[in-house]
Amino acid sequence: MIKVISEDFSSLGRIGGWLLRRAVPGLLAASVSVSAMAQNTSWWRDIRNDRASAVAEQLRAGADPNQVTDKGEPALMQAVRDDAWEVFDVILADSRTDVNIMNGVQETPLMYTALTGQLARSQALVKRGAEVNRLGWTPLHYAAAKGHADVAKWLIGLKAIVNAPSPDGTSPLMMAMRANSVDTVQVLIDAGADPSQRNLQGQDAIDMARQFGNERLADAMEKLVQDRRKAQGR
């Protein structure tokens with residue numbers, strides 16, 4: 001058991017647009033400005049303002065739930081960016097919605113809900129067929145990046161690959177160490193996460209924690225690794 005006082009994340013403020021604009025660099029595409037969208041129609045205005053009834057009316061009239069901005073952001077994912085959760089629910093409920101649709105940088109709706117800690121909505125996506133495992137960055141990476149231990153544990157229960165490498169070799173454990181999330185680190189370690197795994201820069205989970213000033217968590221992980229080696233007679 002890793003015993004370190006966890007950082008209090010309560011001061012981070014509400015999730016949604018605020019969090020996405022401050023997400024781990026490289027995980028989320030740059031925020032999409034409304035003025036840059038392909039068409040500044042009532043559809044996008046209604047999404048931005050979380051007008052669920054208006055969006056539902058447009059869907060009934062034949063609007064495509066999978067339409068994207070000119071930056072390649074699908075409507076379902078734009079709703080997350082806009083903190084428009086009622087609209088998100090309406091679009092997700094449409095049988096035509098592609099729950100595995102990707103944006104311009106290959107992110108999926110489940111990755112967004114994992115990053116924002118939306119467990120119930122993540123479950124709703126999976127119920128509709130959203131994929132838990134994929135090549136590259138995964139929903140588990142995204143849950144770990146913001147320390148959502150409950151989402152991470154749930155994903156692992158669905159056979160999420162615990163040591164999945166991102167394109168640069170970063171593991172979910174490295175992301176949890178970077179986030180200084182003791183609870184998420186514990187969930188991953190209990191599920192078999194490998195602290196010795198290295199990314200293409202040669203960093204392991206301990207290096208990642210130290211890089212971002214999370215010394216106590218790094219020390220705790222280092223002790224865990226040393227204890228394991230002693231137990232194995234190495």
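Worth a mention:
- Some residue of the stretch 92-99 being surrounded by fewer than 24 Cβ atoms within 10 Å (Cβ to Cβ) and touching a strand residue (DSSP E or B) at 6+ places or on another chain (Cβ under 6 Å): no
- Pairs, first over 16 Å from GLN186 (Cβ atoms) in the stretch 211-229, second buried (at least 17 other Cβ atoms within 10 Å of the Cβ), C-beta under 6 Å, six or more apart: PHE212/ARG178
- Meets criteria (assigned to a loop (DSSP other than H, G, I, E, B), crowded, with 19+ Cβ neighbours inside 10 Å and either outside the structural domain of LEU92 (by TED's automatic domain parsing) or not β-branched (Val, Ile, Thr) (or both)) for ALA176: no
Residue-wise test of (1) more than 20 Å from the chain's Cα centre (by Cα); (2) assigned to a loop (DSSP other than H, G, I, E, B); (3) at pLDDT below 95; (4) buried (at least 20 other Cβ atoms within 10 Å of the Cβ).
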residue	(1), (2), (3), (4)
GLY26	no, yes, yes, no
ALA38	yes, yes, yes, no
LEU59	yes, no, no, no
ASN66	yes, yes, no, no
LYS71	no, yes, yes, no
LEU76	no, no, no, yes
VAL80	no, no, no, yes
VAL87	no, no, no, yes
VAL90	yes, no, no, yes
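The values are calculated or read from the model by the stated rules, or taken from the named source; none is laboratory data. Only a predicted model underlies this, so the values are computations on that prediction, with no experimental measurement involved. Reconstructed Cβ throughout: ideal geometry from the backbone, glycine too, with neighbour counts over all protein chains shown.
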